[in-house]
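Below is one structure, written out as structure tokens; the observations come after it.
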Amino acid sequence: MSKNIFDLDPERLATTDEFGNRVYLYPEDVKGVWKTRRKIFYWCLIVFYLVLPWFYINGKPALMINIFAREFTVLGSTLHGVEPILFFLILASGLFFIAFITSLFGRVWCGWACPQTVFISTIFMKVETLIEGKARQRRELDKAPLSLNKILRKSLKWLVFTAMSLHIAHTFVGYFIGPRELFYITMNAPSENLGIFIATMIATTVVLLDFGWFREQFCIIACPYGRMQSVAMDENSLVVAYDVKRGEPRRAETVDRANEGDCINCYNCVKVCPTGIDIRRGTQLECIACTQCIDACDDIMTKLKKPKGLIRYSSENEMNGKKRKMITPRSIVYIVISLFFVSSFIYFLNASTHLHLVFIRGKVPFQVIESGRTVVNQFTLKISHQGIQQFHANFSVKEPELKNSISIVTPAHPTVIHTPDKKIVVFFKFDPSILVLGSKKITIEVFDELTKHVVASEEVVLVGPTH
Ligand code: SF4
Ligand code: SF4
């Protein structure tokens, strides 16, 4: 009797043949309650992901991570000069929070929220099915010799994939440089912003190859998160599991019908699996908890008039007849460490003495007063502060040789800074003899009147007459 192609070899991955070459998967589509839930959730995520960087709050993008300027904008508020320690703390907190969620709900991220899963199953697979047909037709098309039909279908598919990848990659880059900047750059020649153009093209290539071709290989062999999750999980974590007690012995020629379990060995759970595994072999590292096999099996159980849930969300303990503990010492440790890092983040943020200064020159570059003996430059100074500390700021010129030649005039002495963003008008009055060819670059220091510590410095260019 010939072996069913879905009867997997126990000695190797479903995605490799006996020579170690990749076996391309053609997961079948499925309908069911979990598929509907995921579809709704996936579309919400896609809209959220694609719209978020274009959404403005208080004149700023809803989310922007400007790594080069060390600025982090979220929901209309910007943290300037974010110190590496803050990045570390928020990343560490996120990592342990994910470990906490994983210890409770297993690989919920992979199956429900990972951008790869979301985009492949909602958009890329849909396009592929539309152009190349259902799983069996796709398999036959790949096996078929080269023909005009094959060339046309493959070319069209990769053309649409490329267009979609370009859009996704541009949105991704938009999170780092801001949508207006991105729009401006896109409208100009690539040579004017070569670095960003190259970064966007690399992102497009990665998205195209990963979502269009590499797919489950990334989850199985490349994703570090997949490895980490297996460490965070235990026998109480929620997993997609096959009920061995109810299903076995599965239908087979050697099993008497009267004694067989509920599994009729139809392989539908294997046919729909995007990572090609057989969940009846127990929880496996390749399972991304996408619930496709739950729907496939529930459909069979409904047709057989048997209760659903032969494959279901459960825990190892529940499957062995024990009670599932919702909160375990492991999950408590994860959440405590995560909260510790969040608290440290808030502490360092509030204790921060960092001030961010931006000098904006007034409409009139300079004025000459006192019969040419004094030049005045007017600036608007934007001061941003990410902590809650109050500063009594005073300004001075850093260069010792210029201290007596330049006076800085502000509306109040000292200037009290207690809000995240403050704007003041600053006048520089100076002797024109300090200018070289009509300009002079100086450094302004801001020091706290109470502690006498310098809390920020910024360069500013003074201008005046050239003679
Ligand atoms: S879909 Fe259900 S009945 Fe069919 S092989 Fe899988 S577990 Fe058995
Ligand atoms: S075994 Fe089931 S839940 Fe796991 S990846 Fe395959 S189809 Fe998804």
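Below is a table of values for the structure above.
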| item | result |
| --- | --- |
| Largest to smallest principal axis extent of the C-alpha atoms in region 239-373, angstrom | 112, 36, 24 |
| Percent breakdown of C-alpha pair distances by 10 Å bin, ordered from the shortest bin, for region 2-67 | 15, 23, 20, 22, 14, 5, 1 |
| All aspartates and glutamates inside 18 Å of Lys441 as judged from Cα atoms, apart from same-chain residues fewer than 8 positions distant | Glu399, Glu401, Asp431, Glu458, Glu459 |
| Fraction of alpha-carbon pairs over 22 Å apart in region 144-285 - percent | 64 |
| Gyration tensor (alpha-carbon) shape descriptor, region 241-296, a/c threshold 1.5 | prolate |
| Cα gyration tensor category, rounded, prolate or oblate, for region 1-145 with a/c compared to 1.5 | prolate |
| Relative contact order [Cα under 8 Å, 6+ residues apart], the chain, whole percent | 15 |
| Structure-based [θ]222 nm, the chain - -39500 (n - 2.57) summed over DSSP H runs of at least 4, per residue, nearest 500 | -12000 deg cm²/dmol |
| For the chain, Cys with no neighbouring Cys Cβ under 4.7 Å | Cys44, Cys110, Cys114, Cys219, Cys223, Cys263, Cys266, Cys273, Cys287, Cys290, Cys297 |
| Whole-number Å³ per residue for the convex hull built on Cα positions in the chain | 200 |
| Reachable lysines from Lys306, criterion Cα separation under 20 angstrom, eight or more residues apart if same chain | Lys31, Lys245 |
| Cα-Cα pairs of region 355-463 separated by more than 20 Å (percent) | 38 |
| Proxy reagent accessibility, fewest Cβ within 10 Å first, across Lys440, Lys363, Lys322 | Lys363, Lys322, Lys440 |
| Aspartates and glutamates with Cα under 18 Å of Lys305, excluding same-chain neighbours fewer than 8 positions away | Asp243, Glu248, Glu260, Asp262, Asp295 |
| For peptides 397-408, 341-352, sequence by mean Cβ density within 10 Å, most packed first | 341-352, 397-408 |
| Estimated vicinal HN-Hα couplings, Hz - region 21-34 in sequence order (Karplus 6.51, -1.76, 1.60; Gly, Pro = x) | 7, 6, 9, 6, 9, 10, x, 7, 6, 9, 10, x, 5, 5 |
| FRET efficiency, Lys322 to Asn149 (Cβ-Cβ, R0 60 Å, nearest 0.05) | 0.60 |
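The numbers here are math on the coordinates, done by the rules we state, and not lab data. All of these numbers come straight from a predicted model, not from anything done at the bench. Every residue, glycine among them, receives a Cβ derived from its backbone with ideal geometry; neighbour counts consider all protein chains shown.
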